[in-house]
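Reading through the structure tokens given below for one structure.
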Amino acid sequence: MGFGGDLKYSHDALLKLQDWELRLLETVKKFMVMRVKSDKEYASTLQNLCNQVDKESACQLDYISNVSKSWLLVVQQTEQLSKIMKTHAEDLNSGPLHRLTMMIKDKQQVKKSFVGVHQQIEAEMYKVTKTELEKLKSSYRQLIKEVNFAKEKYKEAVAKGKETEKAKDRCEKATMKLHMLHNQYVLALKGAQLHQHQYYDTTLPLLLDSLQKMQEEMIKALKGILDEYSEITSLVTEEIVNVHKEIQTSVEQIDPNSEYNDFIDTHRSSEVVEQEIEFDTSLLEENENLQANEIMWNNLTAESLQVMLKTVIEELMQTQQTLLSKEELVLELEKKIEESSKTCEKKSDIVLLLSQKQALEELKQTVQQLRCSEAKFAAQKELLEQKVQENDGKEPPPVVNYEEDARSVTSMDKKDKVSRFDTIRHSIAGIIRSPKSMLGSSSFFDVISTTEKPLAEQDWYHGAIPRIEAQELLKQQGDFLVRESHGKPGEYVLSVFSDGQRRHFIIQYADNQYRFEGTGFPTIPQLIEHHYTTKQVITKKSGVVLLNPVIKDKKWVLNHEDVTLGELLGKGNFGEVYKGTLKDKTPVAIKTCKEDLPQELKIKFLSEARILKQYDHPNIVKLIGVCTQRQPIYIVMELVPGGDFLSFLRKKKDELKTKQLVKFSLDAASGMAYLESKNCIHSSPLLMSKPLADV
């Protein structure tokens, strides 16, 4: 198989083949140029990384760290890799890329030469087999006509007997020209036949074979270029493999069990005798009636000791219950981590468990704190029970030398006693810290009723209001509200005014917990209440603290459950418009907003409600409320039973009297004047006006 034997009639295909190969070579060249650039940039990036690490390593530890030694070797080998990559990029540029550029020029010249020679032999072929033969055939036909004409003239001359010789001479000359041209045509035809055979059997195959030979030579050259490219860009060459072997060796030298031995030796703590916490007896220097480390039981403390004992017992029980649940969580998490460890396919997969292990350690710390609290409450309970049991059934003794105070106490009415008792009880509750407070919640006597409400009923939850409207509500340091995200429906956003700017935080939801970056809570109200009451920052980076909840305007807020959709009245730019009723059976018109609308259109939809909130006029359709607690958003408006005014006029135009039309005009003008006073321009005033009560 070959070009000369099989592609005699495939000239167009050959041209397309060469064009395609040239485009391919240009693509290969472009790819190599980008590879050279990429490798140089990669080498430069690696070098910059190494330089940066060198600067950051200026502050060295004062002990030997195996991790730092291994890391230093990793950096050194990375720098070596940078040099190798840079050298490869330069070799690629001066070698394969340079030769490919030369080859493309040669390829273009081969095509140009082939096209030129082919056009030349094709033109010669056409001239010999077409042009010259057609010219001879045309002359042939003309001479035949002339011979036939001369013969007719000769016959006429013989018949008349006039000028016979002259006519005969003309006939012979014409016949001679015809015969000579005939011979010329026969010779030319023979030459054309031979030329045609020569063209298809020798000349064209020779050209095509020559082209194939050059094509194959260039394929061979391209193969060599790509082979060199593959060799230069290979990432498994000996020098690169050695770099990574060095890195792997340095990593294997890291031993977690001995990593901190030198650090411990260097910074070993000296033994310090802890000072025992003792009762400060100096407090008793001016009072002889109080005794160190002794619970005082008398007529002033008897009742409070009972309350204190009850409180301590409750705190102890609650702490023990919390401790039990936390210990169960520890066991569950340990089991979960153990099971997850078995499924780790790679050594690095252990990273995926670090967050769980950290959570486990934090949980263990919490358990330890609870155990400490349990021991503290148990000890306090023992002291109190011992004192109460010692004096069970006895009359509390009066405090010596406090007769005046005793009389003052006995003269107090019952209401004052209750008030004083409450004061003592709350003081005790403040002294005895609840385990909940250790976990970031309120004390034992605090009742956070707001967290029991669902999110939609929280005063600071504003539903699906736009970001712009939320920002307008935030005016002072610490102002905050929660809203549904418009960009990501189903997610919730905390918007806060802090340090002169509005900040927006996505409330994260994972593992059935809501959080920002710290402790998680099962509900958003509990999360917000935690940050609001403890003043814990939302994120460490932002430093934002919640100070003032922005209360939603309940005048305009409606729940979706307060509205019942009825018949479809029509369709608007944002969604459908329905007739509906409120809970009190008030008929209303309800505009709905499609959930899949772009963010900017949802903002425009709600902007209509924001504008209507400002208006109160008998000839302007009134806003009743907005349902933004969830999707889809509703705008609830006063229902105009007769439909829009323009349609009413068109429908009733033949029935209306002049007096009615004048009244309509006055009402419309009144409504428009009111809008103008509010600096509002509406493109369809008839649709905004409400001239008739029954329209």
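The values are calculated or read from the model by the stated rules, or taken from the named source; none is laboratory data. Note that the structure is a prediction, hence the values are computed from the model and not measured. Backbone-built Cβ (ideal geometry, glycine too); neighbour counts: all protein chains shown.
Annotations for the structure displayed:
- Residue within the stretch 643-653 that is small (Gly, Ala, Ser), in contact with a Gly (Cβ under 7 Å, 6 or more places away or on another chain) and not assigned by TED's automatic domain parsing to the domain that holds ARG467 present: no
- Of all residue pairs spaced 6 or more apart or on separate chains, those with beta-carbon atoms under 6 Å, a first member in the stretch 547-562 that is more than 18 Å from GLU472 (Cα to Cα) and touching a residue at least 12 places away in the same chain (Cβ under 8 Å) and a second member that is surrounded by fewer than 17 Cβ atoms within 10 Å (Cβ to Cβ) and among the basic types (Lys, Arg) are ASP562/LYS583.
- Candidates in the stretch 578-603 are the residues that are among the aliphatic types (A, V, I, L, M) and closer than 18 Å to GLU484 by Cβ; of these, the one that is modelled with the lowest pLDDT is ILE603.
- Among the residues of the stretch 453-478, those identified as of a type outside the set (Val, Ile, Thr), assigned to a loop (DSSP other than H, G, I, E, B) and crowded, with 19+ Cβ neighbours inside 10 Å are GLN458, TRP460, HIS462, GLY463, ALA464, PRO466, LEU474.
- Of everything in the stretch 110-140 that is of a type in the set (S, T, N, Q) and surrounded by 13 or more Cβ atoms within 10 Å (Cβ to Cβ), the residue that is nearest to GLN215 (Cα to Cα) is SER113.
- Condition check for GLU567: over 12 Å from ILE635 (Cα atoms) and touching a Phe, Trp or Tyr at 6+ places or on another chain (Cβ under 9 Å): yes
- Restricting attention to the stretch 224-254 and to residues that are among the aliphatic types (A, V, I, L, M) and part of a helix (DSSP H, G or I), the residue that is surrounded by the most Cβ atoms within 10 Å (Cβ to Cβ) turns out to be ILE225.
- Some residue of the stretch 384-391 being modelled with pLDDT of 50 or more, assigned to a loop (DSSP other than H, G, I, E, B) and under 18 Å from LEU309 (Cα atoms): yes
- Among the residues listed as LYS346, LYS326, the single one being at pLDDT below 85 and within 42 Å of the chain's Cα centre (by Cα): LYS346
- Odd one out for MET180, checked against (1) surrounded by 13 or more Cβ atoms within 10 Å (Cβ to Cβ); (2) at pLDDT 95 or above: (1)
- Subset of the stretch 46-92 (residues that are at pLDDT below 90, of a type in the set (Asp, Glu) and in a helix (DSSP H, G or I)): ASP54, GLU56
Listed here are the residues, each with its yes/no results for (1) within 19 Å of GLY570 (Cα to Cα); (2) surrounded by fewer than 12 Cβ atoms within 10 Å (Cβ to Cβ); (3) in contact (Cβ under 8 Å) with a residue 24 or more places away in the chain.
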{"site": "GLN614", "(1), (2), (3)": "no, yes, yes"}
{"site": "LEU623", "(1), (2), (3)": "yes, no, yes"}
{"site": "GLN629", "(1), (2), (3)": "no, no, yes"}
{"site": "PRO632", "(1), (2), (3)": "yes, no, yes"}
{"site": "ILE635", "(1), (2), (3)": "yes, no, yes"}
{"site": "PRO641", "(1), (2), (3)": "yes, yes, yes"}
{"site": "PHE648", "(1), (2), (3)": "yes, no, yes"}
{"site": "LEU656", "(1), (2), (3)": "no, no, no"}
{"site": "VAL662", "(1), (2), (3)": "no, yes, no"}
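- Hits in the stretch 661-695 (condition: out of contact with any strand residue (DSSP E or B) (no Cβ under 9 Å at 6 or more places or on another chain), at pLDDT below 75 and not in a loop (DSSP other than H, G, I, E, B)): PRO685, LEU686, LEU687
- Cβ pairs under 6 Å, 6+ apart, first in the stretch 11-38 and more than 19 Å from GLY116 (Cβ to Cβ), second hydrophobic (A, V, I, L, M, F, W, C) and part of a helix (DSSP H, G or I): LEU25/ILE104; LYS29/LEU100; MET32/LEU97; VAL36/ALA89; VAL36/LEU92
- Restricting the stretch 69-85 to residues that are of a type in the set (Ser, Thr, Tyr) and under 36 Å from the mean Cα position of the chain (by Cα), the residue that is farthest from VAL36 (Cα to Cα): THR78
- Which numbered condition GLN599 fails, given (1) touching a residue at least 60 places away in the same chain (Cβ under 8 Å); (2) out of contact with any Gly (no Cβ under 8 Å at 6 or more places or on another chain); (3) surrounded by fewer than 16 Cβ atoms within 10 Å (Cβ to Cβ): (2)
- Within the stretch 616-633, the set of residues being more than 16 Å from ASP553 (Cα to Cα) and touching a strand residue (DSSP E or B) at 6+ places or on another chain (Cβ under 9 Å) comprises ASN619, ILE620, VAL621, LYS622, ARG630, GLN631, PRO632, ILE633.
- Any chance VAL409 is modelled with pLDDT under 75, of a type in the set (A, V, I, L, M, F, W, C), in a helix (DSSP H, G or I) and under 23 Å from LEU300 (Cβ atoms): yes
- Output for the stretch 97-111, where each listed residue is farther than 14 Å from LEU207 by Cβ and either charged (D, E, K, R) or within 41 Å of the chain's Cα centre (by Cα) (or both): LEU97, ARG99, LYS105, ASP106, LYS107
- Number of the condition not met by ARG503 [criteria: (1) closer than 28 Å to LYS594 by Cα; (2) in a loop (DSSP other than H, G, I, E, B); (3) in contact (Cβ under 8 Å) with a residue 40 or more places away in the chain]: (2)
- Taking the stretch 349-381 as the range and being at pLDDT below 80 and either loosely packed, with under 15 Cβ neighbours inside 10 Å or within 29 Å of VAL312 (Cβ to Cβ) (or both) as the test, the residues that pass are ASP349, ILE350, VAL351, LEU352, LEU354, SER355.
- Hits in the stretch 288-308 - residues which are among the aliphatic types (A, V, I, L, M), assigned to a loop (DSSP other than H, G, I, E, B) and surrounded by 11 or more Cβ atoms within 10 Å (Cβ to Cβ): ILE295, MET296, LEU300
- Members of the stretch 141-162 found to be surrounded by 15 or more Cβ atoms within 10 Å (Cβ to Cβ) and either in contact with a strand residue (DSSP E or B) (Cβ under 7 Å, 6 or more places away or on another chain) or of a type outside the set (Lys, Arg) (or both), listed by number: LEU143, GLU146, VAL147, ALA150, TYR154, ALA157
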